[in-house]
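The values are calculated or read from the model by the stated rules, or taken from the named source; none is laboratory data. Note that the coordinates shown come from a computational prediction; the quantities given were computed from them, not determined experimentally. Cβ atoms come from the backbone with ideal geometry, glycine included; neighbour counts cover every protein chain shown.
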Amino acid sequence: MERAEYERLRWRCIRRGLLELDLKLTRFLDQEFEKLTDEEVEAFKRMADMDDLECWKLIVSDQVPSDPHEAAVLAKVRKC
């Protein structure tokens, strides 16, 4: 992935309203971004577009999205 795309996503992740979510998403990007497929990057963008509380509830719940790319990204985010 391009460095500029990483920086744009990271900026979106640190400008959230929930500190715990900021930390979780930026840690994930820092550790995993280079390993993501294009489909997983798109899935992460959709996650980043979610409302803060909705996104946080998804991360801390045992819910699994039906989309396999979203499920893969969510599993990786949860591990960070």
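Points worth noting:
- Count - residues of the stretch 7-37 that are in contact (Cβ under 8 Å) with a residue 12 or more places away in the chain and either of a type in the set (Gly, Ala, Ser) or over 20 Å from residue 52 (Cα atoms) (or both): 7
- Positions within the stretch 38-49 being in a helix (DSSP H, G or I) and either free of Cβ contacts under 8 Å to residues at least 12 places away in the same chain or not basic (Lys, Arg) (or both), in sequence order: 38, 39, 40, 41, 42, 43, 44, 47, 48
- Flag if residue 73 is exposed (fewer than 14 other Cβ atoms within 10 Å of the Cβ) and modelled with pLDDT of 95 or more: no
- Restricting attention to the stretch 9-31 and to residues that are among the charged types (D, E, K, R) and surrounded by 13 or more Cβ atoms within 10 Å (Cβ to Cβ), the residue that is modelled with the lowest pLDDT turns out to be 16.
- Residue within the stretch 55-67 that is surrounded by 16 or more Cβ atoms within 10 Å (Cβ to Cβ), closer than 18 Å to residue 6 by Cβ and either β-branched (Val, Ile, Thr) or at pLDDT below 95 (or both) present: no
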